[in-house]
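Each reported figure results from applying straightforward, stated rules to the coordinates on display, with no laboratory input. Everything numeric here is computed off the predicted structure, so don't read it as measured data. Every residue, glycine among them, receives a Cβ derived from its backbone with ideal geometry; neighbour counts consider all protein chains shown.
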């Protein structure tokens, strides 16, 4: 197996070299599929009787990892801590980018509620995301609106219990004694209770004191602390949205949860462990139950981030596929004639939020009578896509003509640092030229590269003879999304109408 820093790289990493934050963590195999190390298969197919394929390795959870060797990678920032060092700031930026990409994909879940208008609803959501002053919807935004009155209600009627303690009590206030108290009293000198009470006239007795350190209040404290940290993280990721209603709601929620944390700690309430078994109050009291359920949602989100961080490249591929579908759906004469069922995962599986049959969507162009299919991770990939190591493609056919079907290879390279768009365009064109010599029942002369902008949207087109490739750096929100998606739109339009009469 060879380790590759780019899908179009002609050479593997040198022996002893390590992947870095500017590399795509890819591997290429021939023959039998590898079992270890941990990976996902992006594409595979048979080339001249030999099985070949491309696999993806996860980003490390620490700044280094072995098998394959990975060094100097950004680390996901710890919750509740402000980034101080340059490495922590790089991790915070990577986390912000990841969350924005996830937000664009999760908007598909809401769009799926109306199957007849999936892509139009998703397009409206993405257009709203182009305005940075309108921050993304997230679980903490929902909870800031739903849980604020719940927490106010609980603060007024915080649950308490009376617990027995033994302490020296004035004789006239003694109400209860247990066995230990009576044993203590019997050992004091004197013939009467008054004599045994001594000069202070106090004896050891059982008293009841208010105690707030109950399981339900521990859960309340843990929820308030976690919600405050998540809210602060969300606010840090949306500095341009200070004037928006969502920002104000989350900021107010952060302040109220911080106040609640101080209040509960003053009452000597301790924190609950994530593995607790809910008691009667947490199950039956409506407000406490809402706190418990929303605490679990935030805990699950925190746990899921480890997996999402490792497989960001897969999430980026899904984002790119959705962008292409939306660009085609915007064409005036495009008509959606087939759409595979989208199986939404409420928890991402190796970075993938949904799965679908192939192709995911089929469009008919009325004016040119062409059919366009969007293929994501096709199985098998076919000879040309396998050699090109592209796991997304467009398949364009013209039913009225005898021409061979035309494929457009789509690469979705993802790295922790910005990829050189100009160099990628040149290298991608070189690979496309090489595959022209392969015999196939399809034509693949054009290609598209979609890579994260990381602060600067850019588009470069490269042509060499009959081969054409466009490399686009786009982002999941703001101006990077607006400019990048505009370039995707332009490429799709020029590609689909190529050669049309």
Note on the chain: contact order normalised by length, alpha-carbon pairs under 8 Å, 6 or more apart, percent, works out to 15 percent
How long is the gain from residue 268 to residue 35 if the chain were fully straight, where each residue apart is worth 0.36 nm and the alpha carbon distance is subtracted?
78.7 nm
The range 90-193: mean projected area of Cα convex hull, nm²:
15.5 nm²
Expected sort for 261-269, 315-323 on mean C-beta neighbours within 10 Å, highest first, is 315-323, 261-269
Stokes-Einstein D (µm²/s) once Rh is taken as the Kirkwood radius of the range 333-406 over alpha-carbon pairs, at 10 °C in 1.306 mPa s:
115 µm²/s
Within the range 2-71, what percent of beta bridges assigned by DSSP are antiparallel, to the nearest 5?
95 percent
Distance cut-off 15 Å, percentage of C-alpha pairs in the range 239-316 lying past it
75 percent
Hey, what's the Cα Rg ratio for the range 311-496 versus the globular rule of thumb, 2.2 N^0.38 Å?
0.99
Reduced to Cα centres, the span from the range 149-173 to the range 91-138 in Å works out to 47 Å
Given a Förster distance of 56 angstrom, what is the FRET efficiency for residue 161 paired with residue 51, based on the Cβ-Cβ distance and rounded to 0.05?
0.25
Sort 384-391, 248-255, 192-199 by the packing proxy (mean of other Cβ within 10 Å over each peptide's residues), most packed first.
384-391, 248-255, 192-199
Measure nothing fancy, just the Cα-based angle from helix 118-129's long axis to the longest principal axis of the chain, in degrees from 0 to 90, nearest 10.
70 degrees
Cα centroid distance between the range 454-476 and the range 181-253, in Å?
59 Å
Roughly what angle does helix 215-236 make with the longest principal axis of the chain, taking Cα atoms, 0 to 90 degrees, to the nearest 10?
40 degrees
Distance in nm between pseudo-label sites at residue 490 and residue 437 (7 Å out along the Cβ direction from Cα)
3.4 nm
Can you compute the label reach from residue 332? Point 7 Å from Cα along the Cβ direction, backbone N cut-off under 18 Å, restricted to the range 469-501.
489-501
Equivalent ellipsoid semi-axes - Cα gyration tensor, the range 1-93, angstrom
31, 13, 11
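If you count, for each residue, the other Cβ atoms within 10 Å and average over each peptide, how do 374-383, 156-165, 176-185 line up from highest to lowest?
Details: 374-383: 20.5, 156-165: 11.5, 176-185: 13.2.
Result, highest mean first: 374-383, 176-185, 156-165.
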Measuring from a point 7 Å past the Cα of residue 343 along Cα-to-C-beta, which residues in the range 357-387 have an amide N at less than 17 Å?
357-361, 376-380
Once you put a point 7 Å from the Cα of residue 175 and another 7 Å from the Cα of residue 420, both along the Cβ direction, what distance in nm separates them?
8.1 nm
With a ≥ b ≥ c the root eigenvalues of the C-alpha gyration tensor of the range 457-497, is it rounded (a/c under 1.5), prolate (a/b larger than b/c) or oblate?
oblate
If you line up the long axis of helix 312-329 against the longest principal axis of the chain, both from Cα atoms, how many degrees apart are they, to the nearest 10?
60 degrees
Show me, bin by bin at 10 Å from 0, the whole-percent P(r) of the range 161-211 based on Cα pairs.
27, 54, 16, 3
Using only the Cα atoms of the chain, what do you get for the radius of gyration and for Dmax, in Å?
30.7, 118
